[in-house]
Amino acid sequence: MVIDNREDYRSEWAAMTAISKLFGMSPETLRTWVRRTQVDTGSRPGLTTDERARLKQLECENKDLRRANAILKDASIFFAAELDGQTRK
């Protein structure tokens, strides 16, 4: 509604304020939704909703892999020390 009725108001913020009152929400909530829609449709630069979800998934996966890598590194140090101790006896 904001995008379609923008020309009826003196500014985009005025449109958001008036329309948000119709739906019983804050203008800031509506502004966030409008910006997200603009990014998702390509009329505004930024990461789309799908790209954000994929980025979040990759960050979680990266965190898990770093944790697993640290565990494997500690285990290899432990077993290397165990083997080194056995050869000296």
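Residues checked against (1) of a type outside the set (A, V, I, L, M); (2) surrounded by 11 or more Cβ atoms within 10 Å (Cβ to Cβ):
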| site | (1), (2) |
| --- | --- |
| MET1 | no, yes |
| ALA14 | no, yes |
| ARG44 | yes, yes |
| ASN69 | yes, no |
| LEU72 | no, no |
| PHE78 | yes, no |
| ASP84 | yes, no |
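Pairs linking a residue in the stretch 25-54 that is on the phi > 0 side of the Ramachandran plot to a residue that is surrounded by 15 or more Cβ atoms within 10 Å (Cβ to Cβ) and at pLDDT 95 or above, with Cβ atoms under 7 Å and 6 or more positions apart or on different chains, are GLY46/VAL39.
Report whether or not GLU28 is among the charged types (D, E, K, R), closer than 18 Å to ARG6 by Cβ and at pLDDT 95 or above. Break it down into steps so the answer makes sense when it comes.
Working: among the charged types (D, E, K, R): yes; closer than 18 Å to ARG6 by Cβ: yes; at pLDDT 95 or above: yes.
When the stated conditions are applied, GLU28 passes them.
When the stretch 36-89 is filtered for residues that are part of a helix (DSSP H, G or I) and β-branched (Val, Ile, Thr), the ones remaining, listed by number, are THR37, VAL39, THR41, THR49, ILE71, ILE77, THR87.
The values are calculated or read from the model by the stated rules, or taken from the named source; none is laboratory data. Everything numeric in this text was worked out from a predicted model, so none of it was measured. All Cβ positions, even for glycine, are placed from backbone atoms using ideal geometry, and neighbour counts span all protein chains on display.
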